[in-house]
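The values are calculated or read from the model by the stated rules, or taken from the named source; none is laboratory data. Because the structure is predicted, anything quoted here is derived from the model rather than measured. Every residue, glycine among them, receives a Cβ derived from its backbone with ideal geometry; neighbour counts consider all protein chains shown. To get the accessible areas, we keep the full protein, side chains included, count just its heavy atoms, and leave off ligands, DNA and RNA. Shrake-Rupley method; radii C 1.70, N 1.55, O 1.52, S 1.80 Å.
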Amino acid sequence: MGKLEDAVNHQTELLSQRAAMLVTVEELRAKIRRSLEKQQPLKVKLGVDPSAPDLHLGHMVVMRKLREFQELGHEIYFVIGDFTGMIGDPTGRSKTRRQLSREEVEANARTYHEQATLILDPDKTHVVFNSSWLSPLTFGELIKLASKFTVARMLERDDFHNRYTEGQAIGIHEFLYPLAQAHDSIAINADVELGGTDQTFNLLVGRDIQPHYGQEPQIALTMPLLVGTDGKEKMSKSLGNYIGVTDEPNDMYGKVMSIPDDVMGDYFELVLAEPKPSVQGMMRDIESGRRHPMDVKMELAKRIVTEFHGMNAASTAQENFLKVFRQDDLPDDIETVNLKDLTEGEEIGLARLIALCGLAPSSSEARRLISSGAVRVNRERKDDPSALIKVTNGMLLQVGKRRICKLSVR
């Protein structure tokens, strides 16, 4: 009995670490105890809607927690929301979200499995698509599911409440999203569901509805949201403040180096799972002057690049960074961008060219960058956002010091 309780305490303590919310610790402890007694792993679920083609470091925060469950012998269900992605998660939205088409969802979903296994053991991960159980639902079954939850409860959610009181439209399909996510838990008979803190309401809906289908309520475990490179908003592809898990080593390293000093601790703790006491000590060393923040950030960037690309790539990325930032030199491996729709000598708006080359997420953002003096063409600064420029093969385009490419045209 002593060994069993030690194992239960060990798992409960480990899995609770860094969690923002755990509903409830005692229920998790009981599920772990039963799992060990029956030698039956817990079913642990994470759902991700393929609303963009790539995963980013923000997703990795929750997936590291999944890996902890996996390393303790529990079953991981990575649910790709190819069905719910067409509804669009209304979480945090001030207006109805654009629904994705089946083609968009399928295109985005193709890379998710491969990217998820950068963190998870592919041989021990169940990758499932929620269209397999949501598409066959009859209208009667949908009515039965909807009858288990009230409009009053739905309006307790902050974003729905705010939109309702402000007279903003709420589509009926948006009310169905949390119910569809709850049905994912029913289909899997999930013991635990993970998500970011923005998913708290959706996870709790699953807990509420499972007993209506004869299932024990799932544990709801949320992880803190990772702040993006702007140091303000949560990491998001739509906000352009993300670091993609498939970013090239130089780009990944440079993006990490661009984060504000005061969020470095979050990245060490949430992305690299560094123990909190170690992170706190590191930040105290920075405050006291014992360590320079640049040195700490370089360590962070190198470790993150190593995680996804290996030590050799990380070392090369660091060397390139030092060339650009400390010697005002250019890296050896500048990416060449092929724009075969353009011809040598053709004039094009500089802002559009910057966006076409992928150095800015949009032409409007490119114009902002040009106005701020962040853009250079062949090492010469350009500050007119409406400027036209003649394109040439080999033209060097640079945004800041870390986004650089050579142009190839017809």
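Beta carbons within 10 angstrom, averaged per residue: use that to sort the peptides 295-305, 140-150, highest first. Write out the running numbers ahead of the final one.
Numbers: 295-305: 19.4, 140-150: 12.6.
Answer by packing, highest mean first, reads 295-305, 140-150.
Positive end of the dipole of the chain (Cβ unit charges, origin at the Cα centre): among Ala169, Cys357, Ser135, the Cα lying farthest that way belongs to Ala169.
Could you check which residue among Tyr213, Tyr242, Tyr267 shows the biggest mean-square fluctuation in a GNM of the chain with a 10 Å Cα cutoff? Highest fluctuation among the options: Tyr213. In the structure shown, the pairs Lys276/Lys302; Lys43/Lys302; Lys234/Lys276; Lys38/Lys276; Lys323/Lys390 are assessed against 23 Å; a Cα-Cα span above that value is assigned to Lys43/Lys302; Lys38/Lys276; Lys323/Lys390. For Lys232, a cut-off of 18 angstrom between C-alpha atoms picks up these aspartates and glutamates, skipping any fewer than 8 places away in its own chain: Asp198, Asp261, Asp262, Asp266, Glu269, Glu365.
Across the options Met298, Pro211, Val256, the greatest Cα extent toward the positive end of the charge dipole of segment 205-342 (unit charges at beta carbon of Lys, Arg, Asp, Glu) belongs to Pro211.
Mean sequence separation of contacting Cα pairs (under 8 Å, at least six apart), scaled by the length of the chain, corresponds to a relative contact order of 14 percent.
What is the distance in Å between the Cα centroid of segment 234-291 and that of segment 1-64? Spelled out, the Cα-based centre of one part sits 24 Å from the other.
Suppose all protein chains stay in the model; what accessible area per residue would a 1.4 Å probe give for the chain, in Å²?
On the way: 19500 Å² over 410 residues.
Computed with neighbouring chains in place, this is 48 Å² per residue.
Any idea what the dipole of the chain comes to, in debye rounded to 20, about its Cα centre with Lys/Arg Cβ at +1 and Asp/Glu Cβ at -1?
Details: 52 positive and 60 negative charges, 86 e Å.
Taking the Cα centre of the chain as origin, the dipole is about 420 debye.
Glu156 sits with roughly 120 Å² accessible to a 1.4 Å probe, with DNA, RNA and ligands left out of the calculation. Only helical runs count toward this figure. For the chain, summing -39,500 (n - 2.57) over DSSP H runs of n ≥ 4 and dividing by all residues gives -13000 deg cm²/dmol at 222 nm. The order of the peptides 24-36, 172-184 by mean Cβ neighbours within 10 Å, most packed first, is 172-184, 24-36. Taking the centroid of alpha carbons for each part, segment 373-398 and segment 187-226 are 50 Å apart. Share of carbon and sulfur in the accessible area of the chain stands at 49%, probe radius 1.4 Å.
When P(r) over Cα pairs in 20 Å bins from 0, in percent is computed from the coordinates, the matching label among (1) 26, 54, 19, 1; (2) 23, 51, 24, 2; (3) 24, 61, 15 is (2).
So for segment 205-255, averaging the separation of alpha carbon pairs under 8 Å that are six or more residues apart and normalising by length, what relative contact order in percent results? Could the numbers behind the result be given before it?
Numbers: 38 pairs, mean separation 9.8, N = 51.
RCO, segment 205-255: 19 percent.
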